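What follows is one structure encoded as structure tokens, with my remarks underneath.
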Amino acid sequence: MRSRFSFMFIATGLAALAGNTAAAEAWDVNIPSFGTQSTTAQLDVTEGTWLNIDVSPDGKSVLFDLLGDIYQIPIEGGDAVALTSGLAWDMQAQYSPDGRRIAFTSDRAGGDNIWTLDLESGVMHQVTHESFRLLNSPTWSPDGRYIAARKHFTTSRSLGTGEVWLYDSTGDDSIAGQRIVARPGEAFQKEQGEPAFAPDGSAIYFVRNVSPGNTFIYHEDSNTELFQIRRVDLASTEITTVAGGPGGAVRPTPSPDGSKLAYVKRVRAESRLFVMDLATGEERMVYAELD
């Protein structure tokens, strides 16, 4: 790939008031209130690090983020087209089920919130309006009506923990969202997030750090069961464990028909891609050379 780049939220409960989520004043990061001087640089880029990617529903295009901007490129390769640009940091773009919109995380209103972009009109819509409990990792419901995301909760640990919340994708300032997965407790410091809808819309998969205790420890053995993939049933709110064991399991990605789940495990010093048959629980390794 060669490309040129230029630097420069279940319906019930969604009507709760937003509380502290409305910003006192509009703030557009792309239009700073102070003087700036920009420099444009042309780069030939053939690879990136820590890219977030998504494949379009028709299988023809790929979304990726690089250096705070979101791009779309033909899946067979070619020139990447910038969908967002400017000073704001945009990332984690996901196609809507019909492929007409994308959801993404952006700080363009002053802090990380969930936004959508209509790919035909170019119109952006701010879905969440948090000024403290910031959001990331958006994922669409199969009908395209809702977006689930990870809401960040600060703790004494610098990176904090998360909850899974659900939002109306066309919501406004008065929509506060609905909590789907809560923190285990206020003292819990460990990671919880990475929501992913089941294809039939009945459940959401997510990841939780299940190592003993509430305190996050930086140096732990990644070959132990640090992380589990869990599933919350949206009708009953029952939570079950789907994948884990030695090496843990992260990055849940259901197959389009809902029969399988792809995820990443640690095997000794390597991260490997696994697929589980959800009916039988059988898992198999499909790729061993993840970066």
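The values are calculated or read from the model by the stated rules, or taken from the named source; none is laboratory data. Only a predicted model underlies this, so the values are computations on that prediction, with no experimental measurement involved. Note that each Cβ is placed from the backbone with ideal geometry, even for glycine, and that neighbours are counted across all protein chains shown.
What are the residues in the range 83-127 that are surrounded by fewer than 16 Cβ atoms within 10 Å (Cβ to Cβ), out of contact with any Lys or Arg (no Cβ under 9 Å at 6 or more places or on another chain) and assigned to a strand (DSSP E or B), if any?
none
Within the range 243-285, restricting attention to residues that are in contact with a Phe, Trp or Tyr (Cβ under 6 Å, 6 or more places away or on another chain) and among the charged types (D, E, K, R), which residue is farthest from ALA149 (Cα to Cα)?
GLU283
I need a count of the residues in the range 202-231 that are of a type in the set (Gly, Ala, Ser), at negative phi and modelled with pLDDT under 95.
Of the residues in the range 202-231, 2 are of a type in the set (Gly, Ala, Ser), at negative phi and modelled with pLDDT under 95.
What is the number of the single condition among (1) more than 22 Å from ARG284 (Cα to Cα); (2) more than 16 Å from the chain's Cα centre (by Cα) that THR240 does not meet?
Condition (1) is where THR240 drops out.
Count, please, the residues in the range 131-151 that happen to be surrounded by fewer than 24 Cβ atoms within 10 Å (Cβ to Cβ) and more than 12 Å from the chain's Cα centre (by Cα).
Count: 9.
Right, ARG157: at pLDDT below 95 and outside the structural domain of VAL207 (by TED's automatic domain parsing) or not?
Here the answer is yes, as ARG157 does meet what is asked.
Would you mind telling me which numbered condition in (1) of a type outside the set (Val, Ile, Thr); (2) within 20 Å of ALA249 (Cβ to Cβ); (3) assigned by TED's automatic domain parsing to the domain that holds PRO57 GLU194 fails?
GLU194 satisfies all of (1) of a type outside the set (Val, Ile, Thr); (2) within 20 Å of ALA249 (Cβ to Cβ); (3) assigned by TED's automatic domain parsing to the domain that holds PRO57 except (3).
Could you figure out which of (1) in contact with a strand residue (DSSP E or B) (Cβ under 8 Å, 6 or more places away or on another chain); (2) over 17 Å from VAL242 (Cβ atoms) isn't true of SER202?
(2)
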